[in-house]
Amino acid sequence: MNISGATALVTGANRGIGLHLAAQLVERGAKVYATARRPESIDLDGVEILGLDITDPGGVAAAAQAAGDVDLLVNNAGIGGAALLGDLAGVRATMDVNFWGTLSMVRAFAPVLARNGGGAIVNIASSASWFVFPGSSAYAVSKAAVWSMSSALRQELAGQGTLVTSVHLGAADTDMMKGYDVPKMPPADVARAALDGVEAGAFEVVVDEFTAMVKASLSKDPREFDRQFQQFLNPAKPR
Ligand SMILES: NC(=O)c1ccc[n+]([C@@H]2O[C@H](COP(=O)([O-])OP(=O)(O)OC[C@H]3O[C@@H](n4cnc5c(N)ncnc54)[C@H](OP(=O)(O)O)[C@@H]3O)[C@@H](O)[C@H]2O)c1
């Protein structure tokens, strides 16, 4: 996928990783639709701004109509928090944005991508596709779903030549991680890795070492990862 000359649409482009994705897409020579729930919150030159809440089916359909020349869909918008056994409304909201919202974007834009030669979809997933951070289990379930959805879409859209890339990262320094006292990478690094990945035709981008470690742990006894993770959370405690 050549980003130079492509036409991209980024969800949640007003802040965090989405803002860097939109800015770097412009730098790499793409035409960019930068979208956000509050379009006035997007402060970026050289982009076309659209208002878009990915949980609003009418808004999603209108975006697919307005941005009919898109050949690179970047599903970045997401929300964190919520534990499965906590407030059910929070669990539902997490799935509504991270899973249903992302799927609704793909369903609306798949025909647009087909008309424009296939193109690519980038789904910003997480290291949480493969493990659970305490307190955000609904988020982990939603990001496991985004990972699985990406694999499924790769098969279902292969016939129209659409690349589907899922992007997995640990902690990045954005509003989402404000309350967490852990090492965080710059969001610009995440955007760069994601765009390098799609340019290389990658199915999956594993951005950082922590995420690589989490993914590698899946082939082992889960108790081993649990021990390592407890040590990471409580380094002072003896093993
Ligand atoms: N930061 C991390 O450590 C980390 C780690 C792994 C994965 N991720 C993933 O990276 C992506 C970006 O997160 P971030 O860290 O940049 O978080 P962020 O700074 O909290 O930004 C989240 C973005 O999503 C938008 N959004 C939320 N609900 C939306 C909706 N219904 N419709 C449209 N936009 C919506 C927000 O818009 P508003 O301004 O309107 O709220 C905002 O632009 C998310 O998918 C997140 O799960 C982040």
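Just a few scattered comments:
- Relative to the longest principal axis of the Cα atoms of the chain, the long axis of helix 102-115 makes an angle of roughly 40 degrees.
- Derived scalar couplings ³J(HN,Hα) [region 72-89; Karplus, 6.51 cos²θ - 1.76 cosθ + 1.60; whole Hz; x for Gly, Pro]: 9, 9, 10, 8, 9, 4, x, 10, x, x, 6, 9, 4, 9, x, 4, 5, 4
- In terms of its alpha-carbon gyration tensor, region 125-212 comes out oblate; a/c meets the 1.5 threshold, while b/c is at least as large as a/b.
- Length-normalised contact order for region 68-165 - Cα pairs under 8 Å, 6+ apart - percent: 36
- Angle of helix 57-66 to the longest C-alpha principal axis of the chain, folded into 0 to 90 degrees and rounded to 10: 50°.
- Taking amide H positions as modeled 1.01 Å from N, with prolines and chain starts lacking one, the residues under 5 Å from ARG37 and 5 or more places away or on another chain are GLY12, LEU52.
- Out of every Cα-Cα pair that region 7-208 contains, those further apart than 31 angstrom amount to 10 percent.
- Local electrostatic count at GLY51 - Lys and Arg +1, Asp and Glu -1, tallied over other residues with Cβ under 10 Å: -1
- Net +/- balance of residues flanking ALA61 in space, Cβ distance below 13 Å, scoring K and R +1, D and E -1: -1
- Ratio of Rg to Rh for region 61-180: 1.01 [Cα atoms; Kirkwood radius as inverse mean 1/r over pairs].
- Annotation: amide H of ALA120 within the under-5 Å range of LEU72, LEU73, LEU163, sequence separation 5 or more or interchain, hydrogens built in the peptide plane.
- The Cβ shell under 13 Å around GLN24 holds other residues with a net charge of -2, Lys and Arg each +1, Asp and Glu each -1.
- Counting only alpha carbon atoms, the long axis of helix 16-27 and the longest principal axis of the chain meet at about 40°.
Every number here is computed from the coordinates shown, using simple stated rules; none is lab data. Here the structure is a predicted model, which means the values were calculated and not measured. Positions of Cβ are generated from backbone atoms using ideal geometry, with glycine treated the same way; all protein chains shown enter the neighbour counts.
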